[in-house]
1. I need the full set of residues from segment 1-55 which are within 22 Å of LEU77 (Cβ to Cβ) and β-branched (Val, Ile, Thr), in order please.
2. It is to be established whether one or more residues within segment 311-328 are farther than 12 Å from VAL122 by Cβ and within 13 Å of the ligand (Cβ to nearest atom).
3. Looking at segment 182-198 only, could you name the residues that are of a type outside the set (S, T, N, Q) and crowded, with 21+ Cβ neighbours inside 10 Å?
4. Please give the strands (runs of 3 or more DSSP E) falling wholly within segment 202-285 in which 1 or more residues are in the same structural domain as GLN183 (by TED's automatic domain parsing) and over 16 Å from PHE152 (Cβ atoms).
5. Just checking, how many residues over segment 72-126 are under 19 Å from the mean Cα position of the chain (by Cα) and buried (at least 18 other Cβ atoms within 10 Å of the Cβ)?
6. If I go through segment 144-181 residue by residue, how many of them are over 18 Å from ILE281 (Cα atoms), open to solvent by 20 Å² or more (accessible area, probe 1.4 Å) and within 12 Å of the ligand (Cβ to nearest atom)?
Amino acid sequence: MELMKQIWEMAQQDRKKIVLPEGDEERTLVASQKITEIGLAHVILVGNTAKIKEKAQKLGVNLEGVTIEDPETSGKLQGYINGFYELRKSKGMTLEKAEKIVRDPLYFGTMMVKMDDADGMVSGAIHTTGDLLRPGLQIIKTAPGVSVVSSFFIMMVPGSKYGEEGMLLFSDCAVNPNPTADQLAAIAIATADTARNLCKVEPRVAMLSFSTMGSADHELVEKVRKATEKAKELRPDLMIDGEMQLDAAIVEKVASQKAPNSNVAGKANVLIFPDLQAGNIGYKLVQRFANAEAIGPVCQGFAKPINDLSRGCSSDDIVSVVALTAVQAQTIKNS
Ligand code: ACO
């Protein structure tokens, strides 16, 4: 696939250090060898060194070039405990609690990113989205000028003419259960920037609803309307429009009837869903009924990249998400 090839090439040009805190997980070990051989990133596995080496040997995985960081023996542990305590003491964190929490590989890995010992983190093969996001939200926080962390999927719909020859970005399908109008505006802007920086396409952003340009009146529609206004006000350089129904967003004929004056309707390549129920159901509908490849969820808005995997992921999926994370880390370093 052209986009992933491009992302691999970008990752190879400036190798970033990516921490994988599920260090002794089988798919993670297989992916580590592949990532290292292809040169997509420097992999740091977090976990018990003996256990990781034993599992790797059983699987026939070569860990040459991969770093292992064992929280229990790491010289960095105490610094991370102190750092975490300082970050969270205003929220009631004690040194005693921090001692326990930071030994958890997800927190240890997140502290590695925070303290610049790694450029990004990928996890979720055996943890839930919430397990990964919570340390990220508590420790890494949002990038300057960004109010909310959200996520996007790159949807590749085979044989489709919609979006960018079948490629569209969907957001937010994984993080914010019920965003406010302001948060929805921030999600739209973040996804537009992702389309530009990562996918190298000019974003045309549709703010989705069950109403098109005032065809219905309801508080749910009003939220999307307000979010659209706010996003346009904040970023007049972007093509963002709404509120609009899905067909008006992607089908030119419908757009010409329902939203003839829109510069987005009929040709949207970025779809912003009004809440997490719509977004999560929406991406799964397209994935299953249209046989689309769904790359993600990829997080956006963190000060440094942290990304989630599906628990059903393959080792190749881990390779792809690590490559995406490495490219996000390059973008952040260069901005
Ligand atoms: N952006 C920025 N900061 C945030 C966000 C956000 N989206 N959400 C929470 N925070 C901050 C809070 O302000 C808080 O900061 P503080 O502790 O410094 O004051 C911190 O993060 C923790 O917030 P909590 O409210 O304690 O966290 P919460 O328990 O709400 O968890 C989470 C946040 C994990 C993102 C939650 O909203 C969640 O579970 N979302 C849904 C995840 C999910 O299940 N997705 C579907 C599955 S994925 C899939 O199918 C592909």
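The values are calculated or read from the model by the stated rules, or taken from the named source; none is laboratory data. What you are looking at is a predicted structure, and each value in this text was computed from that prediction instead of being measured. Because the Cβ atoms are built from the backbone with ideal geometry, glycine has one as well, and the counts that use them run over all protein chains shown. In case anyone asks, the SASA skips ligands and DNA or RNA and just uses the protein heavy atoms, side chains included. Shrake-Rupley method; radii C 1.70, N 1.55, O 1.52, S 1.80 Å.
1. Residues satisfying the conditions are ILE18, VAL19, THR28, VAL43, ILE44, VAL46, THR49, ILE52.
2. The answer is yes, given that some residue of segment 311-328 is farther than 12 Å from VAL122 by Cβ and within 13 Å of the ligand (Cβ to nearest atom).
3. Answer for segment 182-198, where residues must be of a type outside the set (S, T, N, Q) and crowded, with 21+ Cβ neighbours inside 10 Å: LEU184, ALA185, ALA186, ILE187, ALA188, ILE189, ALA190, ALA192, ALA195, LEU198.
4. Numbers: elements: 204-208, 239-244, 270-272.
It comes to 239-244.
5. Total meeting the criteria: 16.
6. Residues meeting the conditions: 3.
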